[in-house]
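What follows is a set of notes on a single structure, which appears directly below.
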Amino acid sequence: TNESGDQPNSAEGDADEGNITVENYAQIVATCLEIGRSLHHLGVCLGRRQREYNDKKTGDNVAQGGEDSNSSTDDILSTIVPLEINAYRDALQAYKSAIYILSSAEKNIVTLSEIDKSPLNQTRGQDSLRNQSNAPMHFQGERNGADDELHQIRDAKITVELHLADTLTCLGYCHDSKLSEYDKSLKAYRESLSLYIRHVGRFHRMVSNTLHNMGNIHAELKQWSEASSCYRQSLAILKRKEEQERSTWLQSKRNETGDISP
């Protein structure tokens with residue numbers, strides 16, 4: 001993908017798709033995923049290092065009677081945050097590249113499947129089967145193999161998109177708490193929220209956490225109605241999860257004691 005996160009332009013896309021084959025697309029995706037994970041982990045490590053330097057700066061200030069220290073800590077802190085954000089952005093690009101490749105592979109398989117199911121090809125296949133006693137099993141095996149591969153591709157896209165959502169959440173946090181860039185933060189949170197809802201459901205804790213973070217930003221911007229809506233949705237999910245966990249716990253206790261009452 002390009003710097004804006006969009007798909008490559010037509011010329012680049014055609015060249016890339018020409019190099020994507022059934023044999024190599026899985027390896028390309030695995031490489032993109034590993035790069036994305038490594039960059040995400042780099043961002044996490046940089047964020048941890050920033051907190052350590054912040055703690056050191058606070059300790060130095062306390063030791064000096066509350067005066068701001070003139071050490072090199074400020075210079076270090078000013079460089080860590082941009083590096084952290086760049087690491088997350090680069091991770092996003094790696095994940096989006098993997099998704100683009102998987103989508104291309106999925107499109108190719110669906111197209112070939114539609115061609116195989118066309119009336120003309122079905123007629124040719126029937127004529128060919130009359131001359132091959134073992135052909136029915138062969139053709140069915142090819143179709144089942146394509147279906148299995150399509151299922152694996154779609155599962156892989158879900159995995160990559162969940163990694164993408166996690167990185168968007170971290171990026172949103174950086175823009176919010178470290179740079180006060182609230183518009184960029186809300187954009188990242190909205191994208192991650194959409195992915196979480198799509199793949200783990202509307203009542204998952206990650207959805208609740210993201211809504212809570214968005215509520216904090218709206219409150220910071222004095223957008224009280226939006227903040228209230230996000231907080232209420234987040235709270236409703238937490239209450240639902242708590243009731244489910246309580247029900248599960250009570251059921252396990254009944255099973256232990258042999259109590260069959262509702």
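Nothing in this text is a laboratory measurement; each read-out follows from the coordinates by a stated rule. What you are looking at is a predicted structure, and each value in this text was computed from that prediction instead of being measured. Positions of Cβ are generated from backbone atoms using ideal geometry, with glycine treated the same way; all protein chains shown enter the neighbour counts.
Quick check on packing: order 41-54, 160-173, 81-94 by the mean number of other C-beta atoms within 10 Å, highest mean leading.
My ranking of the peptides, most packed first, is 160-173, 81-94, 41-54.
Please give the FRET efficiency for Ile109 paired with Lys187, using the beta carbon to beta carbon distance and R0 = 45 Å, rounded to the nearest 0.05.
Numbers: r = 33 Å, r/R0 = 0.73.
It comes out at approximately 0.85.
In sequence order, what are the phi-derived ³J(HN,Hα) couplings for region 89-96 according to the Karplus relation 6.51 cos²θ - 1.76 cosθ + 1.60 with θ = phi - 60°, rounded to whole Hz, with x for glycine and proline?
Taking θ as phi minus 60°, the curve returns 5, 5, 4, 4, 5, 5, 5, 5 Hz for region 89-96.
List the lysines whose Cα sits under 18 Å from the Cα of Lys96, skipping any in the same chain fewer than 8 residues away.
Lys107, Lys157, Lys187
So how far apart, in nm, are the two label points at Asp55 and Arg89 if each is 7 Å from Cα heading toward Cβ?
Calculated label separation equals 2.9 nm.
What shape does region 153-262 have by the C-alpha gyration tensor, where a ≥ b ≥ c are the square roots of the eigenvalues, rounded means a/c under 1.5, and otherwise prolate means a/b greater than b/c and oblate the rest?
oblate
Compute the length gained on full extension between Arg240 and Phe203: take 0.36 nm times their separation in residues and subtract their Cα-Cα distance, giving the result in nm to one decimal. Each step should come with its number before you reach the end.
On the way: separation 37, 0.36 × 37 = 13.32 nm, distance 0.77 nm.
Separation in residues times 0.36 nm, less the Cα-Cα distance, equals 12.6 nm.
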